[in-house]
Structures are given as C-alpha cells and as structure tokens.
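Read the structure below first, then the notes.
The values are calculated or read from the model by the stated rules, or taken from the named source; none is laboratory data. The shown structure was predicted, so the numbers you read here are calculated from the model rather than taken from an experiment. Cβ atoms come from the backbone with ideal geometry, glycine included; neighbour counts cover every protein chain shown.
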Amino acid sequence: MRNNIKTKERMNRFKLLFVLFFINTILYSQDIKKKWGSSVYVDLNSTYETRYTHGSSVHYPNYSGSIELVYNLDYKIFRRFSFGSLVSLNRFLTPKISSLKIGGAIKYYYLQNKYHFVTFHIASHFPTDSDRFKRGHQVRLGQFFDLSNLLGQRLLIGCYYNLDKLNLENSSPLLDGLLKNISYSTLLTDSWGVSLGLKF
C-alpha cells in the first residue's frame, strides 16, 4: 500500500515538472524573432598541410588557402544552443578552383546576451567546374566572439580549424608538379582560419 502511494507521489511530481517545463518552453517560444537569426562572414583560410592520395601513396604539394563568403541562418533551441544552415561561395587560391558550399551547424552560446559561441559544422562542396573535382566535404570547429556594435548590428570575429576533402576521381591533377598519368583520388587539406562577420 505504501509503495503504491509513493509511486503515485512520484508520478505526480513528474507530471508537475513536465507541465512546468512545457509552460517554460511555450513562454520562451513566444518571442519568435529572438529565436531566428542570420549572419554573414568573410573567412580567410591558411592551409598548413595538403595531401594528394593515390592508392597507398601520398604526395604533399604546396597549397596556399582559400577565401569564403558565408551566409548563416540559425534557429535557437533552448537558451544556449542553435541549429542552422549555411551557404557560401569558396575560392581556393592554389589551385584556382571555386565551389558552392552548403551545410549545417550547431552553436553553443556560453554567455547570456552575448554572441560568444563555439560552433561545429559539416558542409558539402559543389564545384563550379566538375572537371576539376567531383565533390567535396568540409568539417569545421571554431570559436567566435562578440566584439561591438557596428551600424546597428553585432560585429563578430572568429578563429577555427578546417578539414576539407575533395574527390578527384577521373579528374586531372589540380596542381603543377604532379604526374599527369596518375589518377589521384582525393585532396585533403588542413587549415586554420579567421572570420569577420555581422550578426543581424
């Protein structure tokens, strides 16, 4: 009998907590404008290692980096996390190739009322010239800081690590100095970057 009473009390407490959580979620969701946010960035990437792979062999050519123009659209869930989508135009400097990048990101805001956040994103490269490479992927881990107000918007600066992988199947080598008769399968690049953006 006592066990049944304790069980009912626990269930009632659980129901109360659930109702309070549900009410808090609804109240927080009322201000829909604060949950949606957008931002634009200019990213400068400096590559410190490049790896061409062909079977079990690896070549290490010189590679200078890339420039990206990025647009983010974020939707805030809970109070410190957001999920978002991104689209960017990429220009690799050496070799001179371009791509459209589309992906998704998750951000963790560790200070209230500030846009200091850690971000992780995964994106896909779609080349403007499919003869240069077929497709690609990028993984990024970064840290961004809310600097100041600029023209009524928040000025952000960030630093990050990128790993890019380009699929080169049936493509000619992108860089000079590589054997033309070898079909290289992938191009991997590790890079550090800095980003300057505006939060709308």
Next item on the list: Can you tell me which residue among Ser130, Ser98 is farther than 19 Å from Trp192 by Cβ, in a loop (DSSP other than H, G, I, E, B) and either in contact with a helix residue (DSSP H, G or I) (Cβ under 7 Å, 6 or more places away or on another chain) or assigned by TED's automatic domain parsing to the domain that holds Leu44 (or both)?
Entry: Ser130
Check: Identify, please: which residue in the range 134-169 is of a type in the set (Gly, Ala, Ser) and in contact (Cβ under 8 Å) with a residue 24 or more places away in the chain and is, among those, nearest to Arg51 (Cα to Cα)?
Finding: Gly136
Item checked: Leading residue by the ranking (modelled with the highest pLDDT) among those in the range 159-181 that are surrounded by 14 or more Cβ atoms within 10 Å (Cβ to Cβ) and aliphatic (A, V, I, L, M) -> Leu166
Check: Do the conditions hold for Arg80, that is, is it modelled with pLDDT under 95, in the same structural domain as Asn113 (by TED's automatic domain parsing) and surrounded by 15 or more Cβ atoms within 10 Å (Cβ to Cβ)?
Finding: no
Next item on the list: Quickly run through the range 133-142 and pick out the residues that are surrounded by 14 or more Cβ atoms within 10 Å (Cβ to Cβ) and closer than 20 Å to Val194 by Cα.
Entry: His137, Gln138, Val139, Arg140, Gly142
Next item on the list: Scan (1) in contact with a Pro (Cβ under 7 Å, 6 or more places away or on another chain); (2) more than 21 Å from Ser185 (Cβ to Cβ) for the single condition Ser148 breaks and write down its number.
Entry: (1)
